[in-house]
Amino acid sequence: MTKPFEVVASVYSVSGRDGDFAWMSQQSEHNKTLFVFNDNEEQFRAFLRGDSSGFSKGGGNAAIRPLRRLKPPRAAGVPTGSGGRGYSRLDERTRKTIDESLAVIQQLLNSGDYERMIFSKDESAPTLGTGIFFVSDEVKKYIYEALVSMTPR
C-alpha cells in the first residue's frame, strides 16, 4: 500500500512566496513535494524521449522543469498547449496527451517518495491556474479535476 500524500492547489501571487514553484522547491519543507507545472506538448514529448529540451528551464511555473532530472523527480509537467499556444478545446487528441502526462504523475505518486503534490490553481475559479498561454476553460477544468482527485494506488 502506498503511503498517503497531500494534494495542494496553489495560487501564484508574487515571486519568492508560496505559489512560486521555483522558490518553493528550494524550501526544506518541500523536499518531498512533487510540483506539477504547466508544460507544453513539445517539451513533454521530449521528456518522454529523454531529450534534453524535456528538462530545460521554461517560463512561468515551468521554471522548475529541470527538477524532472532529480532522483526522485521533484517536478512533472502536464501539457496545456502546443506550438506556442494554449489548447483551445478538449478534443480527443488533447485529452489523450493530457492523460499521458497524468499517468506519469500517478506513477510518480505511487512510488511513495512524496508527502504532497502541488499544482497551480486559478485564484478565482476551481480550475488549473495558467499565465503564459490562454487555455480553454474546459481543458483547465479537466486537468484540475484530475489532479485534485489523485490518490495513491
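The values are calculated or read from the model by the stated rules, or taken from the named source; none is laboratory data. Please read all numbers here as calculations on a predicted model, not as lab measurements. A quick note on method: Cβ atoms are made from the backbone with ideal geometry, for glycine too, and the neighbour counts reach across all protein chains shown.
Is there any pair with a first residue in region 133-150 that is within 12 Å of Leu90 (Cβ to Cβ) and a second that is among the polar types (S, T, N, Q) and part of a helix (DSSP H, G or I) whose Cβ atoms are under 7 Å apart and which are 6 or more apart or on different chains, and what are they? From residues that are within 12 Å of Leu90 (Cβ to Cβ), the pairs are Val139/Thr94. With the condition kept exactly as written, say whether any residue in region 21-43 is without any contact (Cβ under 8 Å) to a residue 24 or more places away in the chain and basic (Lys, Arg). The answer is no, given that none of the residues of region 21-43 is without any contact (Cβ under 8 Å) to a residue 24 or more places away in the chain and basic (Lys, Arg).
Can Glu100 be described as modelled with pLDDT of 95 or more and either in contact with a Pro (Cβ under 6 Å, 6 or more places away or on another chain) or over 22 Å from Val148 (Cα atoms) (or both)? So that I can check it myself, show each step before the final result.
Working: modelled with pLDDT of 95 or more: yes; either in contact with a Pro (Cβ under 6 Å, 6 or more places away or on another chain) or over 22 Å from Val148 (Cα atoms) (or both): no.
When the stated conditions are applied, Glu100 does not pass them.
Annotation note: of Pro126, Pro73, Pro152, the sole residue that is assigned to a loop (DSSP other than H, G, I, E, B) and at pLDDT 95 or above is Pro73.
Is region 136-145 home to any residue that is of a type outside the set (D, E, K, R), closer than 27 Å to Glu29 by Cα and in a helix (DSSP H, G or I)? Spell out the reasoning first.
Taking region 136-145 and keeping what is of a type outside the set (D, E, K, R), we get 136, 139, 142-144.
Okay, now just the ones that are also closer than 27 Å to Glu29 by Cα, so 143-144.
Restricting the remaining residues to those that are in a helix (DSSP H, G or I) gives 143-144.
Yes: region 136-145 contains one or more residues that are of a type outside the set (D, E, K, R), closer than 27 Å to Glu29 by Cα and in a helix (DSSP H, G or I).
Restricting attention to region 99-135, the residues that are crowded, with 18+ Cβ neighbours inside 10 Å, among the small types (Gly, Ala, Ser) and either in contact with a Leu (Cβ under 8 Å, 6 or more places away or on another chain) or more than 28 Å from Ser28 (Cβ to Cβ) (or both) add up to 1.
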